[in-house]
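First up is the structure itself, then whatever we jot down about it.
The values are calculated or read from the model by the stated rules, or taken from the named source; none is laboratory data. As the structure is a prediction and not an experimental result, all values here were calculated from the model. Cβ atoms come from the backbone with ideal geometry, glycine included; neighbour counts cover every protein chain shown.
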């Protein structure tokens, strides 16, 4: 399978952005941007048969897992940008912050019991890192050596709140099943940075 | 047959199915889910930390890989910590995935009893009506031993989630 490139990722989001700005997608869309290099590197380790659990910001994960861009466009236009699912590539997501980690653990427990070589990869933002449900999941994977990795995509924002306002200087040292990378999101939390008129009601956020 | 015995018999019936795994905390130890898992083989039990949302997530995730998890809550009060997993995920994954992923998980939810010891306000609540408002999957409330046996038997064929509300106050009754 041909790997998707950095430029193709950026261009995909740009096209969706233009359509959203033309009010063609009357649904919340969380755009990815600024983390192309980090994700391309991480996805080199993720095998076709592995599971990926994504978040509300799922477009890059889906494309890098080998998802069909046309299928993703269909999902986005029908309002499923924040719940992208594709069984053909073992791809699931949740738009609840820290909603997926516990479920990812269950899949990992099952595939370990089956002596399968597959892995589970669960992506989350640093907002979800703040959540107790994530802590439960990490401890279980760490303690039971489950084939599951958590990837924290740290943009220093929980929705729009920086870390200094949240747990301030507290940093948790996670076990080895947790990876983390830092980046600066090139889009706002949701929308494109432009206020768009959707049938008389405006939606959007500013950068 | 006493209601509690019917529940125990149902668990032993479920345990014969290779897909079934019992998930919960303190269910392999003293108490054994009010004695209902006493004669279920240890390898059919996944003893979990006391972390209800994780415990339910374990059930959901295992169901995605072909297991039929039976997740045990000894009191409704403790369901609330798992309500994100139950309401936002267990109940929604099939519909938001456009039927690609199915999550057959049986939630056993026991309503506490005030006898012989009265545990008070945080151990006796009954959230059956509230969960009926919050989820779309079936919630069963068997009130006789026969219904207990019938419901658990039928759930062997479930393709999606279900909750069974058991009442501790009925466990010792011949009904």
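Points worth noting:
- Flag for residue B:84 being within 23 Å of residue B:133 (Cβ to Cβ), in a helix (DSSP H, G or I), facing chain A (nearest Cβ under 7 Å) and over 11 Å from the mean Cα position of the chain (by Cα): yes
- Of all residues in the stretch A:168-201 being surrounded by fewer than 11 Cβ atoms within 10 Å (Cβ to Cβ) and within 27 Å of residue A:15 (Cβ to Cβ), the one that is farthest from the chain's Cα centre (by Cα): A:200
- When residues of the stretch B:97-132 are limited to those that are surrounded by fewer than 20 Cβ atoms within 10 Å (Cβ to Cβ) and within 14 Å of chain A (Cβ to nearest Cβ), the one nearest to residue B:151 (Cα to Cα): B:102
- As a summary of the residue check, residue B:159 satisfies the conditions (1) at pLDDT 95 or above; (2) farther than 25 Å from residue A:83 by Cα; (3) not in a helix (DSSP H, G or I) except for the one numbered (2).
- Elements of type helices (runs of 4 or more DSSP H) in the stretch A:73-171, at least 3 residues being farther than 19 Å from residue B:64 by Cα and within 14 Å of another protein chain (Cβ to nearest Cβ): A:132-144
- Residue check: residue B:54 meets all listed conditions (1) within 14 Å of another protein chain (Cβ to nearest Cβ); (2) in a loop (DSSP other than H, G, I, E, B); (3) in contact with a helix residue (DSSP H, G or I) (Cβ under 9 Å, 6 or more places away or on another chain) but one, namely (2).
- Test: residue in the stretch B:21-43 that is closer than 27 Å to residue A:51 by Cβ, more than 13 Å from chain A (Cβ to nearest Cβ) and touching a helix residue (DSSP H, G or I) at 6+ places or on another chain (Cβ under 7 Å): yes
- In the stretch B:1-24, the residues that are buried (at least 18 other Cβ atoms within 10 Å of the Cβ) and outside any helix (DSSP H, G or I): B:20, B:21, B:22, B:23, B:24
- When residues of the stretch B:126-141 are limited to those that are touching a residue at least 12 places away in the same chain (Cβ under 8 Å) and outside any loop (DSSP other than H, G, I, E, B), the one farthest from residue B:63 (Cα to Cα): B:128
- In summary, residue B:66 fulfils each of the numbered conditions (1) at the interface with another protein chain (Cβ under 10 Å from one of its Cβ atoms); (2) part of a helix (DSSP H, G or I) with the single exception of condition (2).
- Against the list (1) over 21 Å from residue B:87 (Cα atoms); (2) surrounded by fewer than 20 Cβ atoms within 10 Å (Cβ to Cβ); (3) touching a helix residue (DSSP H, G or I) at 6+ places or on another chain (Cβ under 9 Å), the condition residue A:51 fails is (2).
- Filter result (surrounded by 14 or more Cβ atoms within 10 Å (Cβ to Cβ) and more than 16 Å from the chain's Cα centre (by Cα)) within the stretch A:27-46: A:27
- Condition met for residue B:102 (touching a residue at least 12 places away in the same chain (Cβ under 8 Å), under 29 Å from residue A:87 (Cα atoms) and in a loop (DSSP other than H, G, I, E, B)): yes
- Residue within the stretch B:116-125 that is farther than 16 Å from residue B:91 by Cβ and in a helix (DSSP H, G or I) present: no
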